[in-house]
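The values are calculated or read from the model by the stated rules, or taken from the named source; none is laboratory data. Because the structure is predicted, anything quoted here is derived from the model rather than measured. Because the Cβ atoms are built from the backbone with ideal geometry, glycine has one as well, and the counts that use them run over all protein chains shown.
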Amino acid sequence: MKIIDFDTQLRLQSYLDGELDPAQAKEMAELLAKDSQAHLLLQELKATSVLLSGNEPALRVPESREFYWSKIARAIAHEMAPAPHERRRDPISWLGWLVPVSAAGLVVLMLSVGGQFGSGPHPRAGTSAEAPEIDSPLDDTSVMSFHSATEGMTVVWISSY
């Protein structure tokens, strides 16, 4: 007994439903004339189609199609809308707090770090405390530093060749 492959089964179903172009339909008719298994499968598919079409329950919606779908759309809109007593939060509302909190944190950081550089006696020029030695694993780099006591800042310039 020869087993019909899946592709041929699908083409037989398409032949039964009238979905094949004329060349493919002619090819399937020739196959049905030669192959008894294919012919039996086609008869079984026809019987199944008749059985299903005759016994499917017909479901009717009591309203018109437009009214039925408008009810569904209204129910979805109602579910999506926030309740009047609920306050809806904007997902980016926390960004309004980000700038003031960041600015306050920066001021605190500057005051704590600024106290280290701006207070106390400063070393005299020519001492090793003014220009600390920096070890660099890179041979092609040079480092310069500048400290301004009046401005309370230190600038370090690193250049590579």
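Taken over the range 45-75, the criterion of being surrounded by 11 or more Cβ atoms within 10 Å (Cβ to Cβ) and closer than 30 Å to Leu31 by Cα is satisfied by Leu45, Lys46, Thr48, Ser49. Please go through the range 69-112 and give me each residue that is under 26 Å from the mean Cα position of the chain (by Cα) and either of a type in the set (A, V, I, L, M, F, W, C) or at pLDDT 80 or above (or both), ordered by number. Scanning the range 69-112 gives Ile76, Ala77, Glu79, Met80, Ala81, Ile92, Trp94, Leu95, Leu98. Among the residues of this structure, His78 does not count as one that is in a helix (DSSP H, G or I) and surrounded by 11 or more Cβ atoms within 10 Å (Cβ to Cβ).
Condition check: modelled with pLDDT of 75 or more and over 42 Å from the mean Cα position of the chain (by Cα). Does Ser49 satisfy that? Taking the combined requirement at face value, the residue satisfies it.
The number of residues in the range 8-30 being more than 14 Å from Gln43 (Cβ to Cβ), under 40 Å from the mean Cα position of the chain (by Cα) and part of a helix (DSSP H, G or I) comes to 3. Can you name every residue in the range 33-52 that is free of Cβ contacts under 8 Å to residues at least 24 places away in the same chain and under 14 Å from Ile3 (Cα atoms)? Matches in the range 33-52: Ser36, His39, Leu40.
Residues considered: Glu130, Glu151. Of these, the only one that is surrounded by 10 or more Cβ atoms within 10 Å (Cβ to Cβ), in a loop (DSSP other than H, G, I, E, B) and either at pLDDT below 75 or among the aromatic types (Phe, Trp, Tyr) (or both) is Glu130.
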